[in-house]
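Below is one structure, written out as structure tokens; the observations come after it.
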Amino acid sequence: MPNPHVTNLVTLRLALMAAQRYEVTSAIEGLRSWLVTSTFLETDPLGVYAIACELGLTEEAKAASRATLAFDILAISLDTPCLENLTAKDFLRLIRLHQT
């Protein structure tokens, strides 16, 4: 399967969820690598982190958490959509990373 070209995190999240549900390994691998491209890590690292945590993508979550160090996560709006899918435990991990 060729690498998919996804232009937004909403679509990427849904595609990854479907690929995981139906165990489409080639799609999962391609989408996981697309998730941590500079396109998404530079524009919405918190969104990438939320998706990675929600879907159990540990390595991608680590990469995204490092990318969030470029901004103050406590200054984000409570209306930020990705916060709805982020558990308190995962957000606390991120806060602790920022404190170190």
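The values are calculated or read from the model by the stated rules, or taken from the named source; none is laboratory data. Bear in mind the structure is a predicted one, so any value in this text is a computation, not a measurement. Methodologically, a virtual Cβ is constructed for each residue, glycine included, from the backbone with ideal geometry; neighbour enumeration extends over all protein chains shown. Side chains included, ligands, DNA and RNA excluded: accessible areas come from the protein's heavy atoms. Shrake-Rupley method; radii C 1.70, N 1.55, O 1.52, S 1.80 Å.
Per residue, the accessible area of the chain comes to 62 Å² when a 1.4 Å probe rolls over the protein heavy atoms. Other residues with beta-carbon under 13 Å from the beta-carbon of ALA19 carry, at +1 per Lys or Arg and -1 per Asp or Glu, a net charge of +1. Apolar share of the accessible surface for the stretch 4-84: 56 percent from carbon plus sulfur atoms, 1.4 Å probe. The loop-placed chymotrypsin sites (Phe, Trp or Tyr not before Pro) in the stretch 1-87, going by DSSP, that have at most 14 neighbouring Cβ atoms within 10 Å of their Cβ come out as TYR22, PHE71. When a/c is below 1.5 the answer is rounded, else prolate if a/b is larger than b/c, else oblate, so apply that to the stretch 56-100 with a ≥ b ≥ c taken from the square roots of the Cα gyration tensor eigenvalues. Note, shape of the stretch 56-100 comes out oblate. Each helix, a run of at least 4 DSSP H residues, gives -39500 (n - 2.57); summed and divided by the residues of the chain, these come to -18500 deg cm²/dmol at 222 nm.
With a cut-off of 12 Å between beta carbons, the residues surrounding CYS82 carry a summed charge of -4, where Lys and Arg count +1 and Asp and Glu -1. Note on the chain: with charges restricted to the Cβ of Lys and Arg (+1) and Asp and Glu (-1), its dipole about the Cα centre is near 220 debye. Helices assigned as whole DSSP H runs in the chain whose Cα atoms extend at least 30 Å along their own long axis and whose mean Kyte-Doolittle hydropathy is 1.0 or higher are not found. Within the chain, all pairs of alpha-carbon atoms sorted by distance into 5 Å bins from zero give the percentages 2, 13, 26, 25, 17, 9, 5, 2, 0.
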